[in-house]
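Contents: one structure, followed by commentary.
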Amino acid sequence: MAKFEPKTIRQSKQRNHLLQLLRSTDRHPTADWLYEQLKKNFPNLSLGTVYRNLSLLIEQGEVKKIHCGSTFDRFEANTQPHYHLICESCGTMTDLEMPGMYNDLNKQAKQLTTFTISHHKIEFYGICQKCARKDARAQNAHAETQRHKE
């Protein structure tokens, strides 16, 4: 029986730029955002090429896909275990590093069940600082308007 060699993936300028772009941002972009950014340097780039390159980078362990339910998936180059903070007002997603917590939770879950635990995902929802400040300014402006009416 013939042995199959692992598929060698050829280097590509587009894929390298895609990975560099993901490593340079903390915004957890969608494929569309990545496409728009890369199109500036690669005018003939297609969205399909972006998706294919993202799939290859995910396969290689360089990038993670973040499933966002009914909205568009997002991508990140931070492949270390971490959590996300998601603003309920503007949708911003921010990394939350909690060293030790990831493995501790996996161990606790393993002790409490017969499940073979491979990983877990936790997202924290709330209002980011930028939106909280904007909301506070709006409330202050509203209160000021009400005082002038009295």
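The values are calculated or read from the model by the stated rules, or taken from the named source; none is laboratory data. Because the structure is a prediction, the values reported are computed rather than measured. Note that we place each Cβ from the backbone using ideal geometry, even for glycine, and neighbour counts take in every protein chain shown.
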Seminar exercise, completed: Residue pairs within 8 Å by beta carbon, gap of at least six or interchain, first lying in segment 117-129 and of a type in the set (A, V, I, L, M), second at pLDDT 90 or above and part of a loop (DSSP other than H, G, I, E, B), listed first then second, are Ile127/Glu88; Ile127/Ser89
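Quick check on my filter: what residues within segment 36-50 are in contact with a Phe, Trp or Tyr (Cβ under 9 Å, 6 or more places away or on another chain) and surrounded by fewer than 16 Cβ atoms within 10 Å (Cβ to Cβ)?
Selection gives Ser46, Leu47.
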Exercise. Considering segment 88-127 alone, what residues qualify as being in contact with a Lys or Arg (Cβ under 8 Å, 6 or more places away or on another chain) and under 22 Å from Arg23 (Cα atoms)?
Worked result: Thr92, Met93
For this session: Please specify each residue of segment 52-108 satisfying the condition of being farther than 30 Å from Ala132 by Cβ and either among the aromatic types (Phe, Trp, Tyr) or touching a His at 6+ places or on another chain (Cβ under 9 Å) (or both).
Result: Asn106
Exercise. Are any of the residues in segment 50-64 outside any loop (DSSP other than H, G, I, E, B), basic (Lys, Arg) and not assigned by TED's automatic domain parsing to the domain that holds Arg15?
Worked result: no
Exercise. From the list Asp104, Asp73, Asp95, which one is farther than 20 Å from Gly126 by Cβ, surrounded by fewer than 16 Cβ atoms within 10 Å (Cβ to Cβ), out of contact with any strand residue (DSSP E or B) (no Cβ under 6 Å at 6 or more places or on another chain) and not aliphatic (A, V, I, L, M)?
Worked result: Asp104
Problem set entry | Leu19 outside the structural domain of Lys130 (by TED's automatic domain parsing), part of a helix (DSSP H, G or I), within 29 Å of Ile117 (Cα to Cα) and in contact (Cβ under 8 Å) with a residue 24 or more places away in the chain | no
For this session: Please tell me if Asp32 is of a type outside the set (S, T, N, Q), in a helix (DSSP H, G or I), outside the structural domain of His84 (by TED's automatic domain parsing) and under 14 Å from Glu76 (Cα atoms).
Result: yes
For this session: Confirm whether Leu45 is assigned to a loop (DSSP other than H, G, I, E, B) and over 17 Å from His82 (Cα atoms).
Result: yes
